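Shown next, in structure tokens, is the structure this report addresses.
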Amino acid sequence: APAAEAELIAGLPADFRWGVATSAYQIEGATGEDGRGQSIWDTYCRVPGMVEGGENGDVACDHYHRMPADVELIRSLGVDTYRFSVAWPRVQPGGRGPANAAGLGFYDRLVDELLGKGVDPWVTLYHWDLPQELEDAGGWPERDTAHRFADYAMLVFDALSDRVRTWTTLNEPWCSAMLGYYEGRQAPGRRDFAAAMAAVHHLLLGHGLAAGRMRAAAPAPVELGITLNMGTSMPATESLADREAARRADGLGARIYLDPLLRGQYPGDILDDLSVRGVKLPVVDGDLAVISEPIDVLGVNYYSSHRLSGVDAQGRTEDDEGNPVQTTVPLGRPVTAMDWEIVPEGFTELLVRLSRDYPGVPMVITENGAAFDDVADAGGYVRDDDRTAYLSSHIAAVAAARQRGADVRGYFAWSLMDNFEWSYGYAKRFGLVHVDYETQVRTPKQSALWYRDTIRRVRGH
Ligand code: PNW
């Protein structure tokens, strides 16, 4: 397989975009500096039991103080793009009103530092750190939050669009809505299905409002997009119950975002499912026109794929609340440290299917990567063959999808360096670069060197 993978990877075009990705709360630290306000993650981390080890992002990778050295590290990997996110509570401590110049200043310096080293900045405006004051006012289930997001987006856009060409509004609205407001596994930790569905709509509305205003204000051509996390949902058997389970998983995981964004309407089957559950999306006339504002690039984050069954261990098709059963049936593949099965062909299937069902939108892989239980030697070096194998098989999967017609223009590894893995704390390491959290020393792992050499080879020099 590695030889076949190498051949596929070598066939990627010389102008394929290569990058590494991070997000603000996961790496910056300095949560109390330069007027930064509190976000829902500062709050959530302090709720006992929510984050492993009671950890939080107060220090993280101390990137806020080490930014120039980290940019040099990025340059040394030979990537052409760095995807990072802007912390809303640094720009608007309470989520409203004028920009906090000191907070915005950090991103201003970061962009200059990147450009000075020949690395393209790829800005994500929202990677989950909602200002706590907006959550106190209702959060994403509240329509007003969409308008607040668009205002915030314009503050950042006005400050950086003279130098930043590519903008992602939201990272993984599925996680914000479903993990944050339904499953409670992420901030703000609520468990309310109707609230989560309202959040879906208002996240999408916020995206559309921001994208429309950015497009109208753009001083030069810009590339606007949104990033969705998706996988391939396969039925465990051909039974109706299992096919329904796969349809619903794909509907709530992917189509409820893709269809309004790219077709201007919510998927009818999912609206029907919701109405059976007594839930109606809070759509107001005109919203879908806002949400379907054309985008230039679709960001795809891929980690794994799932096989689904509509029948539980007791043979039931409905749970105690009368909701349809949806169980994951393992494919029997090796797993990462997250217990996520390694399914590269599900990546190819996803990309081919997206290009067929939603033609005309170029895609970029804005995240792909894996956590493993790294063992560092005395010098901090990690021989992470498992991560290298994961990257190789998944980049090859992207190349295979391109051969089948998927218009994928780039690939960003998650993540530049080990960082705060949300409710898993610092135990899960996704980095290409190892971070010693005692000393903050960064050491490129074997996978980082493999990635650098791979990029070099594809570019042909
Ligand atoms: C993404 N899931 O999160 C995020 O964008 C990153 O911030 C994060 O560090 C990375 O993936 C690794 O987890 C996800 O449950 C969280 O399917 C959960 C899921 C998918 C992506």
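The values are calculated or read from the model by the stated rules, or taken from the named source; none is laboratory data. Nothing here was measured: the structure is a model prediction, and the numbers come from that model. Note: ideal-geometry Cβ built from the backbone for every residue, glycine included; neighbour counts use all protein chains shown. With ligands, DNA and RNA removed, areas are computed over all heavy atoms of the protein, side chains included. Shrake-Rupley method; radii C 1.70, N 1.55, O 1.52, S 1.80 Å.
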Does the range 167-187 contain any residue that is modelled with pLDDT of 95 or more, away from the ligand (no atom under 16 Å from the Cβ) and in contact with a Pro (Cβ under 8 Å, 6 or more places away or on another chain)?
no
Within the set of pairs 6+ apart or on separate chains, which have a first residue in the range 170-196 that is under 22 Å from LEU261 (Cα atoms) and open to solvent by less than 20 Å² (accessible area, probe 1.4 Å), a second that is of a type in the set (Lys, Arg) and within 12 Å of the ligand (Cβ to nearest atom), and C-beta atoms under 8 Å apart?
LEU179/ARG185
Could you list, in sequence order, the residues of the range 266-293 that are of a type in the set (S, T, N, Q) and either under 17 Å from GLY251 (Cβ atoms) or surrounded by 19 or more Cβ atoms within 10 Å (Cβ to Cβ) (or both)?
SER275
Restricting to the range 114-137, count the residues that are closer than 13 Å to PRO93 by Cα and part of a strand (DSSP E or B).
1
Quick check: anything in the range 306-327 within 16 Å of the ligand (Cβ to nearest atom), closer than 30 Å to SER355 by Cα, within 24 Å of the chain's Cα centre (by Cα) and assigned to a loop (DSSP other than H, G, I, E, B)?
yes
Scanning for something of a type in the set (A, V, I, L, M, F, W, C), part of a loop (DSSP other than H, G, I, E, B) and either open to solvent by 20 Å² or more (accessible area, probe 1.4 Å) or within 13 Å of the ligand (Cβ to nearest atom) (or both), does the range 426-435 turn up at least one residue?
yes
Considering the range 340-383 alone, what residues qualify as being more than 16 Å from the ligand (Cβ to nearest atom) and of a type in the set (Asp, Glu)?
GLU345, GLU349, ASP357, ASP377
So for the range 219-240 (the condition being more than 27 Å from VAL398 (Cα to Cα), within 16 Å of the ligand (Cβ to nearest atom) and either without any contact (Cβ under 8 Å) to a residue 60 or more places away in the chain or open to solvent by less than 50 Å² (accessible area, probe 1.4 Å) (or both)), does at least one residue qualify?
no
Out of ASP120, ASP108, ASP136, sole residue that is within 19 Å of the chain's Cα centre (by Cα) and open to solvent by 20 Å² or more (accessible area, probe 1.4 Å):
ASP120
Helices (runs of 4 or more DSSP H) contained in the range 1-105 and holding at least 2 residues under 19 Å from SER176 (Cβ atoms)
24-27, 40-45, 88-91
Please enumerate the residues belonging to the range 387-416 that are of a type in the set (D, E, K, R) and away from the ligand (no atom under 16 Å from the Cβ).
ARG402, ARG404, ASP407, ARG409
Picked from the range 436-461 (must be in a loop (DSSP other than H, G, I, E, B) and modelled with pLDDT of 95 or more), the residue least open to solvent (accessible area, probe 1.4 Å) is LYS445
